[in-house]
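For reference, the structure discussed in these notes is given below.
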Amino acid sequence: MPESSGEVRVVSAEDRDRAFAVQVAAFAADPIMRWLYPDARDYLEHFPAFATAFGGAAFDHGTAFEAGGFGGVSMWLPPGGEVDGEAVGKVIQETITPEIQQESFPMFEQMAEHHIQEPHWYLPMIGVDPSRQGRGLGSALLAHRVAECDAQGLPAFLESSNPANVPLYERHGFRVVAEIQVGDSPGAWPMLRTPRS
């Protein structure tokens, strides 16, 4: 049953920490994040810095959104907005074991190779608090922004780090364009959505 599905709001700067707390909870069992940080203490200590580097620019653009009173949060980057690649690389170098780094850097390089070059909306991070999953919050967050993509006639792009989430994205018009897997890493699925008229 949808929970506050129409209540999607921009996250204010004052609620930035609250939004990142939702992402910490949402990604606690994510295959790639827990491959990068298999130790729970390391995950809790370092994932916020990773999330900030990867999706934090959404706050600068006013394109971080919450639904259901912070039951779910999405961080979108508009055309021209970029992930802070230098900061992501620094977090990886400083917080991830050398063994995992050897496979994580090629994985992120492959992700970059599949990233589309034309103007588009990019979704680096979307997460729903596990205690609130199954109530339509992820769908509400996706529907809110892809409607804007359609209005602007722009594609949208994301990488799913969890195969369980691929069907959700497909229901909102995304399609898998590749599968990325390096060494012992989990898979990642770049997904593209073309605008609907």
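Do any strands (runs of 3 or more DSSP E) entirely within the range 1-98 hold 2 or more residues that are within 16 Å of the chain's Cα centre (by Cα), under 18 Å from ARG132 (Cβ atoms) and in contact (Cβ under 8 Å) with a residue 60 or more places away in the chain, and if so, which? First the steps, then the outcome.
Values: elements: 8-10, 64-67, 72-77.
The qualifying strands (runs of 3 or more DSSP E) are 64-67, 72-77.
Exactly one condition in (1) surrounded by fewer than 20 Cβ atoms within 10 Å (Cβ to Cβ); (2) within 21 Å of GLU7 (Cβ to Cβ) is false for ILE92; which is it?
Result: ILE92 passes all but (2).
Any residue at all in the range 134-142 that's within 27 Å of ARG16 (Cα to Cα) and either surrounded by fewer than 18 Cβ atoms within 10 Å (Cβ to Cβ) or without any contact (Cβ under 8 Å) to a residue 12 or more places away in the chain (or both)? Even if it seems obvious, please write down each step before you answer.
Looking only at the range 134-142, we keep the residues that are within 27 Å of ARG16 (Cα to Cα), and these are 134-142.
Pick out the ones that are also either surrounded by fewer than 18 Cβ atoms within 10 Å (Cβ to Cβ) or without any contact (Cβ under 8 Å) to a residue 12 or more places away in the chain (or both) and you get 134, 139.
The answer is yes; a qualifying residue exists.
Considering only the range 156-176, state which residues are buried (at least 20 other Cβ atoms within 10 Å of the Cβ), farther than 17 Å from GLN23 by Cβ and either modelled with pLDDT under 95 or in contact with a Phe, Trp or Tyr (Cβ under 8 Å, 6 or more places away or on another chain) (or both).
Passing the criteria: ALA156, PHE157.
Which one of these is in contact with a helix residue (DSSP H, G or I) (Cβ under 6 Å, 6 or more places away or on another chain), farther than 23 Å from SER104 by Cβ and at pLDDT below 95: ARG135, ARG196?
Working: ARG135 fails: in contact with a helix residue (DSSP H, G or I) (Cβ under 6 Å, 6 or more places away or on another chain).
Every option except ARG196 fails the conditions.
Against the condition at pLDDT below 95, surrounded by fewer than 16 Cβ atoms within 10 Å (Cβ to Cβ) and among the aliphatic types (A, V, I, L, M), how does ALA151 come out, does it pass?
Numbers: at pLDDT below 95: no; surrounded by fewer than 16 Cβ atoms within 10 Å (Cβ to Cβ): yes; among the aliphatic types (A, V, I, L, M): yes.
So ALA151 does not fit the description; no.
Can you tell me which residues in the range 86-102 are closer than 11 Å to PHE54 by Cα and among the charged types (D, E, K, R)?
GLU86
Spot the failing condition for ALA64; the list is (1) more than 28 Å from PRO186 (Cα to Cα); (2) surrounded by 19 or more Cβ atoms within 10 Å (Cβ to Cβ); (3) among the hydrophobic types (A, V, I, L, M, F, W, C), and only one is missed.
ALA64 satisfies all of (1) more than 28 Å from PRO186 (Cα to Cα); (2) surrounded by 19 or more Cβ atoms within 10 Å (Cβ to Cβ); (3) among the hydrophobic types (A, V, I, L, M, F, W, C) except (1).
The values are calculated or read from the model by the stated rules, or taken from the named source; none is laboratory data. What you see is a predicted model; the values in this text were computed from it and never measured. Every residue, glycine as well, gets a Cβ built from its backbone with ideal geometry; the counts of neighbours run over all protein chains shown.
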